[in-house]
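Presented below is the structure to which this report refers.
The values are calculated or read from the model by the stated rules, or taken from the named source; none is laboratory data. Everything numeric in this text was worked out from a predicted model, so none of it was measured. Using ideal geometry, Cβ is built from the backbone for each residue, glycine included, and neighbour counts are taken over all protein chains shown. Ligands, DNA and RNA are stripped out before the accessible areas are found, and what is left, the full protein with its side chains, is counted by its heavy atoms. Shrake-Rupley method; radii C 1.70, N 1.55, O 1.52, S 1.80 Å.
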Amino acid sequence: MPVHNAEIAEILYEVADLLEIEGENPFRVRAYREAARTVENHPRSLAEMAGEGEDLTRLPGIGEDLADKIREIARTGTLRQAEELRERVPPGLRGLLGVPGLGPRRVRELHRRLGVESAAELERAAREGRVRRLPGFGAKTERNILEALGRKERPQRFRLSAAEPAARALEEHLEGCGAVREAVVAGSFRRRKETVGDLDVVACSQEGRRVIEHFVAFEDIERVVSKGSTRSSVVLKNGLEADLRVVPEESFGTALLYFTGAQPHHVALRDMALKRRLKLNEYGLFRGEERVAGRTEEEVYAQLGLRYIEPELREHRGEIEAARQGSLPQLLAQEDLRGDLHSHTTATDGRSGLHEMAEAARERGYEYLAVTDHSRRLRVARGLDERRLREQMEEIDRLNEELEGITLLKGAEVDILEDGSLDLPDGVLEELDVVVCSVHHKLRLPEREQTRRVLRALENPNVNILAHPTGRLIGRREPYELDVERVMEAARERGCVLELNSNPERLDLNDAHCKLAKEMGVKIAVSTDAHSADELANIRFGVGQARRGWLEREDVVNTRPLGELRRLLRREGA
DNA sequence: GCCGTTTTCGGCCCGACTGTTTTCAGTCG
């Protein structure tokens, strides 16, 4: 059983936490965290790369030492260093780092002076008033600790789609304050990350106090965590935390840059600034006392000798190097899309009829919409058998006669059965414009079998698109065990397309896989899997994820005009 | 522990807020 990247990353994160509690050099601690981050975001299996003797030190933040440690974990599933640390640092202490207000220093003090080794022991000590007697602690800190322990609320992350309404409402509320020129939700929300932990809001205004007062009066606030003259932090009623920073106009660009992150991206920019004898902070880019940029992000990048980097790319995954060389991708835009290649109707589990779906697609400015209802295996969705599918095909032909400005493509989302065969006979698949296939059952097969199953499905010459290729549901279900790289190789050889499913619960392929697909020369379909006319609008989440995966117009098949798309779907030249 | 148009040694982002302090440490983002 190969060791997954997530497991390697977890061990590195743990080592970082334990070293930090031990009082290690913070830069060493950071090195472990950065390496963990690199590992967990890497689309290829580090264990496999290590097994094949690839040079791991080429990855950012990984040098000889950490490469050795990663190889050790890949080989043995564990790390001696981590085991030794666990001997020295009680494992419960690690959990205390998650308590708001407690950092490594305080955790260490609590352990050293009070013998606290777990959340329960901390709670007892606080109740008995022993915490407030420690130097640097006080009554208020003790009370805050008790409150935090009492809340027990996991610092949960919200799906992008769940955070979006709050983000828009907050922007609107702030712009309703007379003193605000512009308010933008930055952070991972602006980077269109699939989940967001909090909302980082930047407001442009000369009157900090007034804006802060307006901010904390927002109706959906549960409680105010902190409130200063330029900065405030609140928890919204839906549990999401929102942090506001108010900056003057001349600093708006640098503040936006700072709060959009991601942190490693911004740290790298600061580093570049230092090398040019400049100083970058949220107030501006300075040479000595002189502000040389700050009003817009564009001018800051320009001063650093970089092309403008779109927020979705700011993850420190090579975008700075690309910006320096002028080789940044021209990212996919929603307007580039000419149609949607995965949708359902009332014939199966959709909630809108053919006509309604067609109209909605036309209103979006699309040229085509593929109707891809489920196949018979999916009983809960009343999947179509050959007879019902043929009826639908005839109906689509009739409808296409009367529709103007939009073409419905005849399709199906065919289940891949356990042995890799398809759930509808080849005879009818041959007559469809587009065949989407996907795994809906037997999700827990071992990797070898699951991979073999999918590869066999792609061998069917009628198949065009593999839908939601890893089957994950964000926050609810892990991806199934699948060798994605092998699937991509097969897709490339056979002229198959992989889907980026825009359903905000799926976003599958993920960003890293999209980037890998691009590098491997595999084409992507950005589709919604809409189950109603309204859900066609979910495409914005898919586009965001595609952009995070560096995808350009040419990488995405549904940017093609209909004629070209049809040629592509015939898998000619494959 | 990483990294190199200032460096193979000596840097490594930096400012706001809170709470516990009479001048600052710790935490957070």
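Some values worked out for this structure:
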{"read-out": "Count - residues of region A:142-153 that are open to solvent by 60 Å² or more (accessible area, probe 1.4 Å) and touching a residue at least 24 places away in the same chain (Cβ under 8 Å)", "value": "2"}
{"read-out": "Inter-residue pairs, beta-carbon under 8 Å, first under 18 Å from residue A:93 (Cβ atoms) and in region A:4-32, second outside any helix (DSSP H, G or I) and open to solvent by less than 30 Å² (accessible area, probe 1.4 Å), 6+ apart", "value": "A:11/A:79; A:15/A:79; A:18/A:89; A:21/A:89; A:22/A:89"}
{"read-out": "Output for region A:105-123, where each listed residue is loosely packed, with under 13 Cβ neighbours inside 10 Å and in a helix (DSSP H, G or I)", "value": "A:105, A:112, A:120"}
{"read-out": "Qualifying residue in region A:183-193 (condition: free of Cβ contacts under 8 Å to residues at least 40 places away in the same chain, open to solvent by 40 Å² or more (accessible area, probe 1.4 Å) and either within 13 Å of DNA strand B (Cβ to nearest atom) or under 22 Å from residue A:505 (Cβ atoms) (or both))", "value": "no"}
{"read-out": "Test: residue in region A:126-141 that is open to solvent by less than 50 Å² (accessible area, probe 1.4 Å) and in contact with a strand residue (DSSP E or B) (Cβ under 8 Å, 6 or more places away or on another chain)", "value": "no"}
{"read-out": "Wholly enclosed helices (runs of 4 or more DSSP H) of region A:205-296 bearing at least 1 residues more than 13 Å from DNA strand B (Cβ to nearest atom)", "value": "A:208-215, A:252-260"}
{"read-out": "Matching residues in region A:79-106 - criterion: being within 12 Å of DNA strand B (Cβ to nearest atom), of a type in the set (Gly, Ala, Ser) and farther than 15 Å from residue A:29 by Cβ", "value": "A:98, A:101"}
{"read-out": "Condition check for residue A:507: on the phi > 0 side of the Ramachandran plot and not polar (S, T, N, Q)", "value": "yes"}
{"read-out": "Members of region A:35-55 that are among the aliphatic types (A, V, I, L, M) and more than 21 Å from residue A:481 (Cα to Cα)", "value": "A:35, A:36"}
{"read-out": "Out of A:120, A:125, sole residue that is away from DNA strand B (no atom under 11 Å from the Cβ), aliphatic (A, V, I, L, M), at pLDDT 90 or above and in the same structural domain as residue A:91 (by TED's automatic domain parsing)", "value": "A:125"}
{"read-out": "Residue match in region A:37-56 (condition: near DNA strand B (Cβ under 9 Å from one of its atoms) and not in a helix (DSSP H, G or I))", "value": "no"}
{"read-out": "Residue within region A:168-180 that is outside any loop (DSSP other than H, G, I, E, B), without any contact (Cβ under 8 Å) to a residue 60 or more places away in the chain and buried (at least 21 other Cβ atoms within 10 Å of the Cβ) present", "value": "no"}
